[in-house]
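Colleague: My structure is below; once you've seen it, I'll send some questions.
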Amino acid sequence: MAVKIRLARAGAKKKPFYQVVVADERARRDGRFIANVGTYDPNQNPAACRIDETATLDWLGKGAQPTDTVKQLLKKEGIWAKFVTAA
């Protein structure tokens, strides 16, 4: 089972809000997920991003692969650098 860290869309039409979730790659975008590790709100200025650092580092250590967008968010928050130096 391949596990991905990706965004699940929520919110109203034209006002997206995303949850950063850990999910099986075969699951639907907004479907079943294993864990919720954060949120991302692009509607705020600047965009609000809250990611649970310990949970995310734990899942990355277990082999979960982030999508390109989530990887950029992790770099912005400084979590990706901690993962790379720990590995």
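The values are calculated or read from the model by the stated rules, or taken from the named source; none is laboratory data. Since the model is a prediction, treat every value here as computed from it, not as a measurement. Cβ placement follows ideal geometry from the backbone for every residue including glycine, while neighbour counts extend to all protein chains displayed. The accessibility values were calculated without ligands, DNA or RNA, using every heavy atom of the protein model including side chains. Shrake-Rupley method; radii C 1.70, N 1.55, O 1.52, S 1.80 Å.
Colleague: Identify, from the list Ala23, Ala55, the residue that is among the small types (Gly, Ala, Ser) and within 16 Å of Thr69 (Cβ to Cβ). Before the answer, list the steps.
Modeller: On the way: Ala55 fails: within 16 Å of Thr69 (Cβ to Cβ).
When all the criteria are applied, what remains is Ala23.
Colleague: Identify all residues within segment 57-79 that are open to solvent by less than 30 Å² (accessible area, probe 1.4 Å), out of contact with any Phe, Trp or Tyr (no Cβ under 7 Å at 6 or more places or on another chain) and within 11 Å of Arg6 (Cα to Cα); write none if there are none.
Modeller: Answer for segment 57-79, where residues must be open to solvent by less than 30 Å² (accessible area, probe 1.4 Å), out of contact with any Phe, Trp or Tyr (no Cβ under 7 Å at 6 or more places or on another chain) and within 11 Å of Arg6 (Cα to Cα): Ala64, Pro66, Val70.
Colleague: For Leu57, all conditions in the list (1) part of a helix (DSSP H, G or I); (2) over 14 Å from the mean Cα position of the chain (by Cα) hold save one; what is the number of the exception?
Modeller: (2)
Colleague: Right, here's the next one. Give me the pairs, please: first residue somewhere in segment 70-87 and among the β-branched types (Val, Ile, Thr), second residue anywhere and not in a helix (DSSP H, G or I), beta-carbon distance under 8 Å, and either six or more positions apart or on two chains.
Modeller: Filtered contacts from segment 70-87: Val70/Ile5; Val70/Arg6; Val70/Leu7; Val70/Val20; Ile79/Ile51.
Colleague: A further question on this structure: Name the residue that is least open to solvent (accessible area, probe 1.4 Å), counting only residues in segment 40-56 that are touching a Phe, Trp or Tyr at 6+ places or on another chain (Cβ under 9 Å) and either among the acidic types (Asp, Glu) or in contact (Cβ under 8 Å) with a residue 40 or more places away in the chain (or both). Before the answer, list the steps.
Modeller: Looking only at segment 40-56, we keep the residues that are touching a Phe, Trp or Tyr at 6+ places or on another chain (Cβ under 9 Å), and these are 40-43, 47-51, 56.
From what's left, either among the acidic types (Asp, Glu) or in contact (Cβ under 8 Å) with a residue 40 or more places away in the chain (or both): 41, 56.
Working: Asp41: 25, Thr56: 2 Å².
Here the residue is Thr56.
Colleague: Another question, if that's okay. From the list Arg29, Arg6, which one is open to solvent by 50 Å² or more (accessible area, probe 1.4 Å) and either out of contact with any Cys (no Cβ under 6 Å at 6 or more places or on another chain) or not hydroxyl-bearing (Ser, Thr, Tyr) (or both)? Outline the logic, then answer.
Modeller: Numbers: Arg6 fails: open to solvent by 50 Å² or more (accessible area, probe 1.4 Å).
After applying the criteria, what remains is Arg29.
Colleague: Which of the residues that make up segment 60-69 are assigned to a helix (DSSP H, G or I) and either among the acidic types (Asp, Glu) or in contact (Cβ under 8 Å) with a residue 60 or more places away in the chain (or both)? Break it down into steps so the answer makes sense when it comes.
Modeller: To start, the set of residues in segment 60-69 that are assigned to a helix (DSSP H, G or I) comprises 60-61, 68-69.
Passing the criteria: Asp68, Thr69.
Colleague: Which condition number in (1) without any contact (Cβ under 8 Å) to a residue 60 or more places away in the chain; (2) touching a Leu at 6+ places or on another chain (Cβ under 8 Å) is the one that Ile5 fails?
Modeller: In the conditions (1) without any contact (Cβ under 8 Å) to a residue 60 or more places away in the chain; (2) touching a Leu at 6+ places or on another chain (Cβ under 8 Å), Ile5 misses (1) alone.
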